[in-house]
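Asks: Here you go, one structure.
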Amino acid sequence: MAHFDLPLPELRTYRPDLSEPEDFDAFWQQTLGEAREHDVDARFVPVDAALVGVEVFDVTFAGFGGHPVKGWLVLPAGTTEPIPAVVEYLGYGDGRGLPHEHLLWATAGFAHFVMDTRGQGCDGDRQGDTPDPVGSPPSHPGFMTRGVENPRDYYYRRVFTDAVRAVDAVRSHPSVAADRVAALGGSQGGGITLAVGGLVPDLAAIAPDVPFLCHFRRGATLTDRLPYREIGAYLKARRGGEEQVFHTLSYFDGVHFAARGRAPALFSTALEDTVCPPSTVFAAFNAYAGRERSMEVYSFNGHEGGGPYQQGVQLRWVSEHLKG
């Protein structure tokens, strides 16, 4: 796949005029307020993962609706005082898997919290352990159209709320420096990161890689790749439902969350990415409100983006912002 989206000079100035719901902030204030009526009740159970150099905790905390959400907390062994933390959100269909799959950040000296994504973990490389107890009306297989007729019922309302509560949970651990917490993730995890960056005002940094869940209408009409294609497949059967669907999705668009983000932000995109087209990523990047933002561009990569090269960039960048 060669470059298929806008030329890079146009991407760097691409700022689509998107319709933002008038009650966007009120919607999210109410949603998070309802979630915080439940104590986060974060429980950290030590796990013998047969690993040397790290300590592992099986985590359960109260997310949306007080529902139990799982995660892993991985600490450098012998941690005796609060240290900076990285909260990671996972890609579409992926689950938290096993502790030994999450060693990078702890070996770099950070507390590393990996949030399981509710209802996922049976369509990626790793198993998930968090059910989604909320049903939905008919939807296309996948998660993109679950409850999409109403913002209050939409699947990602629950996921984004879980993600904010994950920050609350990790901050409650005595080994975590609550004022030095970063959020990051790739693809779906990048979209969740943008949402958290817009909803949690005091994060130290965010790093969304090839983020999904941005500029939904363009994603759904520019690429025929999943998961964006789920939206088109749903509307193929639900003729006449387009405006309601995209109205719902506007409450969850990474572009709108980016307009509220203030933490230093490191983005990445790939110009041959047909899963999360670069124009959808630049739409969020160019809307980002924080004074410090940067974009890594991988010209001849697809949805894998920078892969381990981007991880190296992140390690140095996050260390600079969290460790000083």
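Asks: Which condition does PRO227 not pass, out of (1) farther than 29 Å from ARG316 by Cβ; (2) in contact with a Phe, Trp or Tyr (Cβ under 6 Å, 6 or more places away or on another chain); (3) assigned to a helix (DSSP H, G or I), if it passes all the others?
Replies: All conditions are met except number (3).
Asks: Which of the helices (runs of 4 or more DSSP H) found entirely inside segment 237-324 contain at least 3 residues meeting this: open to solvent by 20 Å² or more (accessible area, probe 1.4 Å)?
Replies: Values: elements: 242-250, 254-258, 278-287, 307-323.
In segment 237-324, the matching helices (runs of 4 or more DSSP H) lie at 242-250, 307-323.
Asks: Give me the pairs: first residue in segment 1-13 and within 12 Å of VAL297 (Cβ to Cβ), second residue at pLDDT below 95 and outside any loop (DSSP other than H, G, I, E, B), beta-carbon distance under 9 Å, and six or more apart or on different chains, which are they?
Replies: none
Asks: Name, by its number, the condition in (1) open to solvent by less than 100 Å² (accessible area, probe 1.4 Å); (2) modelled with pLDDT under 95 that does not hold for MET1.
Replies: So MET1 meets the others, but not (1).
Asks: Filter segment 73-117 for residues that are open to solvent by 30 Å² or more (accessible area, probe 1.4 Å) and among the hydroxyl-bearing types (Ser, Thr, Tyr); which is farthest from LEU226 (Cα to Cα)?
Replies: THR80
Asks: Something else: When you go through ARG238, ARG217, ARG171 one by one, which is the residue that is touching a strand residue (DSSP E or B) at 6+ places or on another chain (Cβ under 6 Å) and either at pLDDT below 95 or basic (Lys, Arg) (or both)? I'd like the intermediate steps shown before the answer.
Replies: On the way: ARG238 fails: touching a strand residue (DSSP E or B) at 6+ places or on another chain (Cβ under 6 Å); ARG217 fails: touching a strand residue (DSSP E or B) at 6+ places or on another chain (Cβ under 6 Å).
From the options ARG238, ARG217, ARG171, the qualifying one is ARG171.
Asks: Determine which single condition ASP129 fails, assuming it passes every other condition in (1) farther than 30 Å from SER294 by Cα; (2) out of contact with any Asp or Glu (no Cβ under 7 Å at 6 or more places or on another chain).
Replies: Of the numbered conditions (1) farther than 30 Å from SER294 by Cα; (2) out of contact with any Asp or Glu (no Cβ under 7 Å at 6 or more places or on another chain), the odd one out for ASP129 is (2).
The values are calculated or read from the model by the stated rules, or taken from the named source; none is laboratory data. Quantities reported herein were computed from a predicted structural model and do not represent experimental measurements. Heads up, the Cβs are rebuilt from the backbone with ideal geometry, glycines too, and the neighbour counts pull from every protein chain shown. In case anyone asks, the SASA skips ligands and DNA or RNA and just uses the protein heavy atoms, side chains included. Shrake-Rupley method; radii C 1.70, N 1.55, O 1.52, S 1.80 Å.
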